Amino acid sequence: MFRLEARPAPSTLARWLAPLGALLLTLLLAAVLFAQLGQSPLHAFAVFFLRPLDGLYGIGEWLLKATPLMLCGLGLALGFRASVWNIGAEGQLTVGAIAAGGLAIHFDGSDSAWLLPAMAGAGVLGGMLWAAIPALLRTRWQTNEILTTLMLAYVAPLLLAWLVNGPWRDPAGFNFPQSIQFGESALLAPLLAGTRLTVAFPLALGLAVLCWLFLRHAYLGFQMNIAGQAPAAARYAGYSPARTVWVALLVGGGCAGLAGFAEVAGPLGQLLPSVSPGYGFAAIIVAFVGRLHPLGVVLASLLLSLLYLGGESAQMELGLPASITGLFQGALLFALLACDTLVHYRLRRSR
Amino acid sequence: MNIDRRTLLKGAAAAAGLAALSPLHALAAIPKPTLPLKIGFVYVSPIGDAGWTYQHDLGRKAVEESFGDKVQTKYVESVSEGADAERVIRDFAANGHQLVFATSFGYMNPTLKVARAFPKTVFEHATGYKQAANVGIYAARYYEARYLAGIIAAKMSTTGTAGYIAAFPIPEVVMGINAFVRGMRSVNPDAQLKVVWVNAWFDPGKEREAALTLAAQNADVLTHHTDSTAVVQAAEEKGLYAIGYHSDMSKYGPKAHLTAATHHWEGFYRKVVQDVIDGSWESSNVWGGLKDGMVDLAPLNPVVPGDVAALVAQKKQEIIDGKLHPFAGPLFDQDGRQVIGAGASLTDEELLKMNYYVEGIVGKLPK
Amino acid sequence: MNDWLPILATTLAAATPLIFAGLGELVTERAGVLNLGVEGMMLIGAVSAFAVASSGGGLLLGTLAGIGAGMAASALFALLVLHCLANQMATGLALALFGVGLSAFIGRDYVSHVLDGVSGYTLLDGLPPLDPFIVGSLGLFALVQWFLYRSRGGLVLRAVGESPSTAHALGYPVRLIRWAAILFGGACSGLAGAYLATDYTPMWVEGLSAGRGWIALALVVFATWKPARLLAGAYLFGGVTILQFHGQALGLAVPSQFMSMLPYLATIVVLTLISRRGHAIRLNAPASLGQVWHPDS
């Protein structure tokens, strides 16, 4: 029999080898799965991981889809480190999209260069506002943020649905529930011709660096880490628990709101009843698979984005049902999480 | 949550769209394709066994059956209506698919964007209102079948009240509700229709709960504009009648299921494919009804009396012959305001923008 | 009475899947393990129950299959979090994703099957017949309530959730107890799925549970980890859902989107009213909830 023994310090080698091990494990799982479906595992793998990245457009799509995951994941990771369980980034993203989109609709026709920055600001503020509700309830009345953030994630899309069905409906759009298409000045231009990638992607990367600096060098970042890992010590040291909650939720909400802005001013170009296919929820996985580290979040969002594109590719190229994608994604995540163990523990033969 | 999928439009909107894109129209020259013709289908939900996407997939299968190895069809299911749609549609076009069916309203702007980049690929977009040289649009006059279903509902109801479980207040859904109550009132001027919105295309539990709510409020015939069979099943369980939608749902409620207002894309899809293969395809705006076989009623339950069946058959023929219009005047909205007078009927454009209830409906349609 | 009876009956039924899944998750969390995979386990349970029941296995066997499948899914989770010491939140979310995919994959051959629902027992003439699942949900509540507060096993389970290291030092098999708690949670989620697929809306379609697993998770928090409050929360959520439908059918001129928000908002407001009484509520959360525990640490 083997047993796990805690390592005195996390292993750097294992930290790098774990993802590789996970990939090998998934390859094995997938080989069985695909063989069962009558597909060559290697070919299926190529379709899943390589075909989507074929060409500039494909790479652009990969990074484009990773952007909202990265933005939401960064904010969430910061909060999770402080043990503030914001699981409603989906709602914060939606309200960010509403705020940014509302500005674009209100100032339609304006060619001010300030419109886009203002929309970005509105998106961030919108996300923060939606996250401020759980923060207030938690700090004033101890209302558990797991519940409030999740419930508000269901409320936000209904609010958006009402807006695009009512006050913000495109008057020339035959009463369909969608807003006008935004003007040029309210749209982010593609970063590279022939792709849909916008400046939001480098912005997200920059934010990752900022997060890293904050956690490493800022006193507040240190306080939040302590608050998460040793709440008693944090209280003893006099760190304000309320401030931790507020910062965690506002940063999480702001990042998600920025993602909402990037979606409506980027690939969507208008407000629709559904602005996100669940980025805010998927970002929770991104945060944890990225081990709550900014660099990890960047890598995890790229991985998850590729898995989504791979799923489409497998349907198109191999005729596999969409459910296979979910199965495969789940299996890869399981493998990744299992292999992660070896970073902190080592396998010992027990006597 | 896919809110704005599918729906239709036509008429003036199409003209406006065409005008806006007229420079492209001049380029219209779709070359004859190399065989086998690769065809892509973009679906908004899983295919399942009944519902919107299931009916479209029947159309895809019919194409495969009719054309054999002259065609090769592929599909991607559960494509959300946001940013993902454009990529999937473009992926089809970029990989040699010369015909792409985008089967939900929310794919409209993505389809147009991709169509501009692939002028030699043919796109057919369901239930939108923007056309282009290489983008045709198509939808069906579901309201014609709804009107007939309303007649049956009123005849079979003992309480004079029917219940309607609806997904989202978009014109297509409102049009169906109004046509249903017009059908009811054509045979029972006092008939009432109660509407509950579940704000989801698909949530069997909520659809059931809404159905039971309506049953508790005296509705004894239930119908729905949502994507599952839950309403028909709930009616079966409670001993009420139900009218299905999209697909024939009789096996889910053998006693309850009176009929269903069904969609049929097979004929249209075959024609489009044939035109593309022949090199004779031209962008068009198709809004087919009972006459074209794009909508129909499922076989009536034997409990429907012969005289009712005969009446429905007669009204169906009148609609097909153009003698009867479900929205013929005089038409009053629910506040009693006259929308059109006797002798006139709503134009297609007025229908497609419909955002008010006609008389006979309990409740207000929030603006 | 006549007006309220159907509302009551529908509320009871709407709350039942939430009660099953919520009670299971509550016990799991009381042992200090957070399993966010409820939605996935529910769907796996639903498809398994439907597959067995609609292939001639009957409802009882189908329900057992649902329970078994839910347990199997939770065993995968237990293996990862208890033996590989994987992060609980992430593993749970991965299970939710995996469950959606797996259930859709298994269910492809069953989407066209038809099943007759359960017919209830008549308790008293004039009352609507009682559904065995609804009765079962109340029984399960009584069982969990008794176990947690009146049995020695429950005491040990709670101790494990509060401080696994202390429980370990006292000689209790922490890992084994958590295994049992996770499996119980899986069984209950599977049962919730079985109820949905064989009784409530007897059908199988992808995503049948439509998010009920997530609501059940939220209700455990709402309940501040107490079974009686979970029951109350489930009835509140179900009841507001039904009432807003009634309001719509009566013709209230409020946009339906706002009506649909009501169950979510009501839950927030009521939890806030409960929580504001003080810090005691927060202390109800099992102290070790969601944390990895290893005998060495």
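Considering segment B:157-171 alone, what residues qualify as being touching a Pro at 6+ places or on another chain (Cβ under 9 Å) and not β-branched (Val, Ile, Thr)?
Taking segment B:157-171 and keeping what is touching a Pro at 6+ places or on another chain (Cβ under 9 Å), we get B:168-170.
B:168, B:169, listed by residue number.
Residue-by-condition table, conditions (1) under 29 Å from residue B:252 (Cβ atoms); (2) in a loop (DSSP other than H, G, I, E, B); (3) at pLDDT 95 or above:
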{"residue": "B:281", "(1), (2), (3)": "no, yes, no"}
{"residue": "B:286", "(1), (2), (3)": "no, no, no"}
{"residue": "B:304", "(1), (2), (3)": "yes, yes, yes"}
{"residue": "B:310", "(1), (2), (3)": "yes, no, yes"}
{"residue": "B:318", "(1), (2), (3)": "no, no, yes"}
{"residue": "B:322", "(1), (2), (3)": "no, yes, no"}
Margin query: I need the full set of residues from segment B:210-245 which are within 8 Å of chain C (Cβ to nearest Cβ), touching a Phe, Trp or Tyr at 6+ places or on another chain (Cβ under 6 Å) and assigned to a helix (DSSP H, G or I), in order please.
Written below: B:210, B:213, B:233
Next item on the list: Output the residues belonging to segment C:207-230 that are at the interface with another protein chain (Cβ under 9 Å from one of its Cβ atoms) and assigned to a loop (DSSP other than H, G, I, E, B).
Entry: C:207, C:208, C:209, C:210, C:211, C:224
Next item on the list: Tell me which of these residue B:309 doesn't satisfy, since it passes every other one: (1) surrounded by 15 or more Cβ atoms within 10 Å (Cβ to Cβ); (2) closer than 19 Å to residue B:225 by Cα.
Entry: (2)
Checklist line | Test: residue A:44 is modelled with pLDDT of 95 or more and small (Gly, Ala, Ser) | finding: no
Check: When the residues of segment B:213-234 are filtered to those that are closer than 18 Å to residue B:192 by Cα and surrounded by 24 or more Cβ atoms within 10 Å (Cβ to Cβ), which remaining residue is nearest to the chain's Cα centre (by Cα)?
Finding: B:225
Next item on the list: Determine whether residue B:173 is within 12 Å of another protein chain (Cβ to nearest Cβ), of a type in the set (Val, Ile, Thr) and surrounded by 24 or more Cβ atoms within 10 Å (Cβ to Cβ).
Entry: no
Check: Quick check, is residue A:198 polar (S, T, N, Q) and within 19 Å of the chain's Cα centre (by Cα)?
Finding: yes
Check: Name the pairs: first residue in segment A:175-196 and away from chain B (no Cβ under 12 Å), second residue in a helix (DSSP H, G or I) and buried (at least 16 other Cβ atoms within 10 Å of the Cβ), Cβ to Cβ under 6 Å, at least 6 apart or on different chains?
Finding: A:185/A:115; A:186/A:104; A:186/A:115; A:187/A:265; A:188/A:265; A:188/A:266
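Right, residue B:117: more than 14 Å from every other protein chain (Cβ to nearest Cβ) and out of contact with any strand residue (DSSP E or B) (no Cβ under 7 Å at 6 or more places or on another chain) or not?
Details: more than 14 Å from every other protein chain (Cβ to nearest Cβ): no; out of contact with any strand residue (DSSP E or B) (no Cβ under 7 Å at 6 or more places or on another chain): yes.
So residue B:117 fails the test.
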Notebook entry, point to check: When only residues in segment C:192-206 that are more than 10 Å from chain B (Cβ to nearest Cβ) and farther than 18 Å from residue B:253 by Cα count, which is nearest to the chain's Cα centre (by Cα)?
Noted result: C:192
Margin query: Looking for something more than 19 Å from residue B:333 (Cα to Cα) and modelled with pLDDT under 95 - is there at least one such residue anywhere in segment B:168-175?
Written below: yes
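With respect to residue A:141, is the statement that it is more than 10 Å from every other protein chain (Cβ to nearest Cβ), free of Cβ contacts under 8 Å to residues at least 60 places away in the same chain and either surrounded by fewer than 22 Cβ atoms within 10 Å (Cβ to Cβ) or under 30 Å from residue B:354 (Cα atoms) (or both) true? Lay out the reasoning, then the answer.
Working: more than 10 Å from every other protein chain (Cβ to nearest Cβ): no; free of Cβ contacts under 8 Å to residues at least 60 places away in the same chain: yes; either surrounded by fewer than 22 Cβ atoms within 10 Å (Cβ to Cβ) or under 30 Å from residue B:354 (Cα atoms) (or both): yes.
No; evaluated as a whole, the condition is false for this residue.
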Notebook entry, point to check: Among the residues of segment A:163-185, is any in a helix (DSSP H, G or I), at pLDDT 90 or above and not assigned by TED's automatic domain parsing to the domain that holds residue A:106?
Noted result: yes
Note to self: Quick test for you: out of A:122, A:156, A:135, pick the one residue that is within 11 Å of another protein chain (Cβ to nearest Cβ), touching a residue at least 40 places away in the same chain (Cβ under 8 Å), in a helix (DSSP H, G or I) and on the phi < 0 side of the Ramachandran plot.
What the structure shows: A:156
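Looking at segment A:8-18, is at least one residue over 25 Å from the mean Cα position of the chain (by Cα), more than 21 Å from residue A:279 (Cβ to Cβ) and buried (at least 21 other Cβ atoms within 10 Å of the Cβ)?
Looking only at segment A:8-18, we keep the residues that are over 25 Å from the mean Cα position of the chain (by Cα), and these are A:8-14.
Now drop any that are not more than 21 Å from residue A:279 (Cβ to Cβ), which leaves A:8-14.
Keeping just the survivors that are buried (at least 21 other Cβ atoms within 10 Å of the Cβ) gives none.
No: zero hits.
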Margin query: Checking the structure you have, find out if any residue of segment B:246-253 is touching a Gly at 6+ places or on another chain (Cβ under 6 Å), within 16 Å of residue B:167 (Cβ to Cβ) and in a helix (DSSP H, G or I).
Written below: no
Check: Within segment C:95-116, restricting attention to residues that are free of Cβ contacts under 8 Å to residues at least 60 places away in the same chain and not in a helix (DSSP H, G or I), which residue is surrounded by the fewest Cβ atoms within 10 Å (Cβ to Cβ)?
Finding: C:109
Notebook entry, point to check: Scanning segment A:270-293 for residues that are surrounded by fewer than 24 Cβ atoms within 10 Å (Cβ to Cβ) and within 14 Å of chain B (Cβ to nearest Cβ), which turns out farthest from residue B:170 (Cα to Cα)?
Noted result: A:281
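Could you identify the single residue in C:242, C:281 that is at pLDDT below 90, in a helix (DSSP H, G or I) and over 19 Å from the mean Cα position of the chain (by Cα)?
On the way: C:242 fails: at pLDDT below 90.
Within the list C:242, C:281, the selection yields C:281.
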Note to self: Any residue in segment A:310-331 that is facing chain C (nearest Cβ under 10 Å) sitting within a Cβ distance under 7 Å of a residue that is among the polar types (S, T, N, Q)? List the pairs, counting only those 6 or more apart or interchain.
What the structure shows: A:311/A:325; A:322/A:315; A:322/B:78; A:331/A:26
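The values are calculated or read from the model by the stated rules, or taken from the named source; none is laboratory data. This one's a predicted model, so the numbers in the text were calculated from it and none came from an experiment. Note: ideal-geometry Cβ built from the backbone for every residue, glycine included; neighbour counts use all protein chains shown.
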